[in-house]
1. Taking H as built 1.01 Å from N, whose amide H comes closer than 5 Å to the amide H of residue 44, not counting residues under 5 places away?
2. So, with +1 on the Cβ of K and R and -1 on the Cβ of D and E, and no other charges, what is the size of the charge dipole of the chain about its Cα centre, to the nearest 20 debye?
3. Taking neighbour counts of Cβ atoms within 10 Å as a proxy for exposure, in what order, fewest first, do 1, 20 appear?
4. In nm, to one decimal, how far is the modelled label at residue 27 from the one at residue 73, with both set 7 Å along Cα→Cβ?
5. Which entries in 99/121; 196/230; 52/99 show an alpha-carbon gap greater than 23 Å?
6. As a footprinting exposure proxy, order 223, 21, 10 by other Cβ within 10 Å, with the fewest listed first.
7. Within the chain, which cysteines find no other Cys whose Cβ is under 4.7 angstrom from their own?
8. Enumerate the residues in segment 120-138 having an amide nitrogen under 15 Å from the point lying 7 Å beyond the Cα of residue 15 toward its Cβ.
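Nothing in this text is a laboratory measurement; each read-out follows from the coordinates by a stated rule. All values reported here derive from a predicted model rather than from experimental measurement. Quick reminder, even Gly has a Cβ in these numbers, built from the backbone with ideal geometry, and neighbours come from all protein chains shown.
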Amino acid sequence: MIKADLHVHTVLSPCGDIEMTPAFIIAKAKEFGLGIIGITDHNSTLQCAEIKRIGDKEGVFVLCGAEITTKEEVHVLAFVDGQENLEKLQVYLTDHLPKIPNNVGFFGYQLVVNEKEEIIKEEEYLLISAIDQSIEQIERFVHSLGGIFIPAHIDKRQNSVLSQLGFLPPGLKADALELTKNADTDTFMLQNSYLKKYNIIKSSDAHFPGDFGEVYTKLNIDTPSFNAIKEALAINKLPI
């Protein structure tokens with residue numbers, strides 16, 4: 001069993017702490033025994049490649065993707081395999097993100113940095129806006145790339161599929177559903193028994209250094225890879 005935290009933000013997210021740099025995140029993952037982490041900045045994949053490069057060197061498998069805000073204001077996690085698909089996902093996000101300039105003083109910095117914490121790029125447009133695509137459209141696009149699609153923190157009272165829509169849309173092909181660290185899984189499933197066919201994961205949704213290690217999911221994997229993670233998510237009743 002490998003400990004996995006599939007929801008981690010970096011300094012690229014405006015709500016992410018300035019300490020959440022690539023080298024720091026990998027060091028924290030190792031400190032807490034996380035063998036797999038998912039990088040999920042808001043509506044951007046631009047920090048993924050550098051963190052994956054460091055993770056490969058340090059023995060932490062990095063799942064590359066983004067936390068996408070749908071036009072219904074639902075947060076979903078999307079992961080893809082390989083640089084070509086990551087670039088396709090980034091083009092999709094860039095094309096559909098509204099061009100609202102970021103107010104650094106109000107929302108925070110949106111930085112892409114390297115291992116030495118040197119600034120490579122500062123994202124001009126606000127990343128926490130909703131893109132102009134529905135949850136169904138995003139799911140279909142992610143799966144067209146062979147990706148993984150997970151509605152995020154579905155027990156939250158804001159920006160979750162249940163808070164925004166009141167239900168999980170019929171026909172939505174979710175690879176898993178994510179709960180927050182505060183949710184009691186058994187109670188939640190009793191209250192939402194129609195979701196029992198889906199696998200449940202828990203993630204930290206880490207924005208700050210202190211968020212690490214609070215919660216994770218154990219995946220039944222021998223050697224981490226994108227396909228192994230996707231297969232593990234397809235197995236019923238994941239231990240969390």
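1. Close amide H contacts, sequence-distant or interchain: 67.
2. In debye, rounded to 20, the chain gives about 660.
3. Working: 1 13, 20 25.
Listing 1, 20 from fewest to most nearby Cβ atoms yields 1, 20.
4. Result: 3.8 nm between the two label points.
5. The answer is 52/99.
6. Values: 223 8, 21 25, 10 28.
Going from sparsest to densest Cβ surroundings: 223, 21, 10.
7. So, 15.
8. From segment 120-138, the list is 126-131.
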